[in-house]
Amino acid sequence: MQAEFKSSINDFLEQLPNHARLYQKPAACLAVFRLLPILARQYVMSMLFNPMPVALSDFDLWTKMSSKVYQSESFNKLVSMHIFQFDGQYITLNEEFRKQFITALTGGGNHNSFGVPCTDEDKHRVDLEFLDKYAKETWETILHFMVGTPEGKFPGEGVLSLLRRGGLMTGPKNQLRITHAGFQFLLQDINTQIWTLLLEYLKLSEDTHMDPIQVLHFLFMLGSLDLGRDYSVDFLTDTQQIMLEDLREYGIVYQRKTTSQRFYPTRLATSLTTDYHALEGSQNDNDADKGFIIVETNYRLYAYTSSPLQIAIIGLFANLRARFSNLVVGVITRDSIRRALINGIAAEQIITYLSTHAHPQMRANVPLLPPTLVDQIYLWELEKNRLKATPGILFRDFLTDMEFDQAVEYAKELGVLVWESSIKRMFFITTAGAQPMIAFLKRKAVK
């Protein structure tokens with residue numbers, strides 16, 4: 001199944017106005033190929049070294065009847081991305097794409113689209129362990145900030161701008177809080193998280209008059225670099241050198257200082273166009289954290305993890321009662337769920353998180369989570385959605401129906417009426433209409 005982050009990138013690529021420039025770099029062609037569905041990749045390879053057009057009737061024979069739906073999806077994807085050119089009868093491969101993709105596979109040329117390694121020795125050379133630690137700490141600084149537990153460091157202004165722009169956080173600059181989309185962001189794998197922000201960066205680049213094609217070329221170049229090797233910045237364009245400074249804030253690249261003439265791609269960069277999950281092999285506690293939560297029918301929660309980030313996420317919807325070296329004990333309550341709902345987190349997201357990170361011992365249960373817990377979380381959500389508090393003023397004790405009707409009619413004209421009861425001669429208006437209504441009633445009383 002195609003990774004979620006690939007679908008988002010492909011949708012963005014389809015909307016580009018100039019695919020011809022995009023396919024002028026071998027690294028870009030290789031990256032786009034990697035992001036295609038598996039069947040689409042097979043079609044490209046079948047036509048790569050065949051310069052002759054392929055008749056549509058012959059193309060249909062390449063796929064058995066049971067897979068025709070996938071053939072149609074892949075064909076439409078290739079046409080919309082201008083890799084295939086179709087005149088109604090014959091299919092041809094985009095000539096520029098063919099040329100540059102063959103160069104990417106066979107080597108040669110002086111295009112520098114796969115980066116230019118430094119030839120001199122780095123006096124401050126760093127190893128893979130350092131790069132993994134740097135990337136992990138930098139990226140988790142962003143995630144910690146989102147859940148409200150910054151550990152001494154704060155993301156840069158560029159990151160905060162993208163979090164607000166992407167709808168992942170909301171509020172004033174110094175009071176940002178996570179949104180519904182932000183919590184969904186935390187549930188995604190790290191590749192999807194990175195591309196979510198990078199796609200916002202691409203949209204922002206258009207508004208700031210940066211060349212989106214150069215931005216894409218640089219991102220695709222990073223995805224093809226060798227982990228642990230240092231590369232020269234001298235061959236980067238002005239746009240790409242600006243990007244280099246921005247991408248440091250995400251842990252995608254490492255540069256010892258801003259004036260350094262070399263940079264190192266981290267594992268976050270080299271996995272941009274692959275299904276391999278960034279940092280998966282470098283985090284010792286990652287495998288354990290895939291299944292570490294046990295919940296009971298009495299709403300108590302036990303999380304066997306020492307990850308500050310996971311503990312902070314659990315704290316968004318549960319009250320934490322005790323913490324040990326590798327165990328956190330909490331309880332899910334009405335107040336903790338309401339707190340999460342107010343912050344834009346949905347009941348479905350909480351249940352998905354608990355299911356995704358359920359301890360292996362719980363996976364033998366059918367159903368996986370206690371039904372009493374699942375039902376109660378949904379009921380608490382319905383309770384919040386059913387009740388809505390509106391600040392205002394209640395008017396009552398009218399002597400006649402005429403006085404009541406005139407006051408209600410005036411409230412309707414002002415657009416401040418919330419509720420009325422003609423039987424009880426009572427109505428409720430918002431605070432905005434309080435002073436005009438009081439003045440109206442005084443005028444009526446004088447008459």
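The values are calculated or read from the model by the stated rules, or taken from the named source; none is laboratory data. Fair warning: this is a prediction, and the values are worked out from it, not measured in the lab. Every residue, glycine among them, receives a Cβ derived from its backbone with ideal geometry; neighbour counts consider all protein chains shown. Note: areas computed on protein heavy atoms with side chains; ligands, DNA, RNA excluded. Shrake-Rupley method; radii C 1.70, N 1.55, O 1.52, S 1.80 Å.
Is there a residue being hydrophobic (A, V, I, L, M, F, W, C) and farther than 26 Å from Phe114 by Cβ anywhere in the range 7-16? No, the range 7-16 has no match at all. Scanning the range 250-262 for residues that are within 18 Å of the chain's Cα centre (by Cα), modelled with pLDDT of 90 or more and part of a helix (DSSP H, G or I) turns up at least one hit.
Of the helices (runs of 4 or more DSSP H) contained entirely in the range 290-358, those carrying at least 2 residues that are touching a residue at least 60 places away in the same chain (Cβ under 8 Å) and assigned by the TED database to the domain that holds Val374 fall at 308-314, 347-356. Any residue that is free of Cβ contacts under 8 Å to residues at least 12 places away in the same chain and over 12 Å from the mean Cα position of the chain (by Cα) - is there at least one of those in the range 177-196? For the range 177-196, residues free of Cβ contacts under 8 Å to residues at least 12 places away in the same chain and over 12 Å from the mean Cα position of the chain (by Cα): absent. With the checklist (1) over 33 Å from the mean Cα position of the chain (by Cα); (2) surrounded by 14 or more Cβ atoms within 10 Å (Cβ to Cβ) in hand, flag the one item Ala55 doesn't pass. Going through the list (1) over 33 Å from the mean Cα position of the chain (by Cα); (2) surrounded by 14 or more Cβ atoms within 10 Å (Cβ to Cβ), Ala55 breaks only (2). Looking only at residues that are surrounded by fewer than 21 Cβ atoms within 10 Å (Cβ to Cβ), in contact with a helix residue (DSSP H, G or I) (Cβ under 9 Å, 6 or more places away or on another chain) and not charged (D, E, K, R) in the range 198-211, which one is nearest to Thr141 (Cα to Cα)? Looking at residues that are surrounded by fewer than 21 Cβ atoms within 10 Å (Cβ to Cβ), in contact with a helix residue (DSSP H, G or I) (Cβ under 9 Å, 6 or more places away or on another chain) and not charged (D, E, K, R), I get Leu199. The criterion of at least 1 residues that are modelled with pLDDT under 90 is met, among helices (runs of 4 or more DSSP H) falling completely within the range 66-168, by 68-80, 128-147, 157-165. Residue pairs whose Cβ atoms lie under 7 Å apart, separated by 6 or more positions or on different chains, with the first residue in the range 132-150 and in the same structural domain as Asn191 (by the TED database) and the second of a type in the set (Lys, Arg) and not in a helix (DSSP H, G or I), are Thr141/Lys153. Tallying residues that are within 20 Å of the chain's Cα centre (by Cα), at pLDDT 90 or above and surrounded by fewer than 17 Cβ atoms within 10 Å (Cβ to Cβ) within the range 273-332 yields 0. In the range 92-115, the condition of being open to solvent by 60 Å² or more (accessible area, probe 1.4 Å), touching a strand residue (DSSP E or B) at 6+ places or on another chain (Cβ under 8 Å) and within 15 Å of Val54 (Cα to Cα) is met by no residue.
When the residues of the range 9-65 are filtered to those that are among the charged types (D, E, K, R) and within 19 Å of Phe86 (Cα to Cα), which remaining residue is modelled with the lowest pLDDT?
Glu14
Of all residues in the range 423-447, those being surrounded by 12 or more Cβ atoms within 10 Å (Cβ to Cβ) and not in a helix (DSSP H, G or I) number 6. Can you tell me which residue is nearest to the chain's Cα centre (by Cα) among those in the range 148-176 that are open to solvent by less than 40 Å² (accessible area, probe 1.4 Å) and more than 20 Å from Gln349 (Cα to Cα)? My answer is Leu162. Evaluate the following for Glu420: is it open to solvent by 20 Å² or more (accessible area, probe 1.4 Å) and free of Cβ contacts under 8 Å to residues at least 12 places away in the same chain? No, not satisfied.
Of all the listed residues (Tyr134, Tyr201), the sole one being within 22 Å of Thr266 (Cα to Cα) and touching a strand residue (DSSP E or B) at 6+ places or on another chain (Cβ under 6 Å) is Tyr134. Looking across Ser113, Ser72, Ser80, one residue alone is of a type in the set (Ser, Thr, Tyr) and farther than 28 Å from Leu222 by Cα. It is Ser72.
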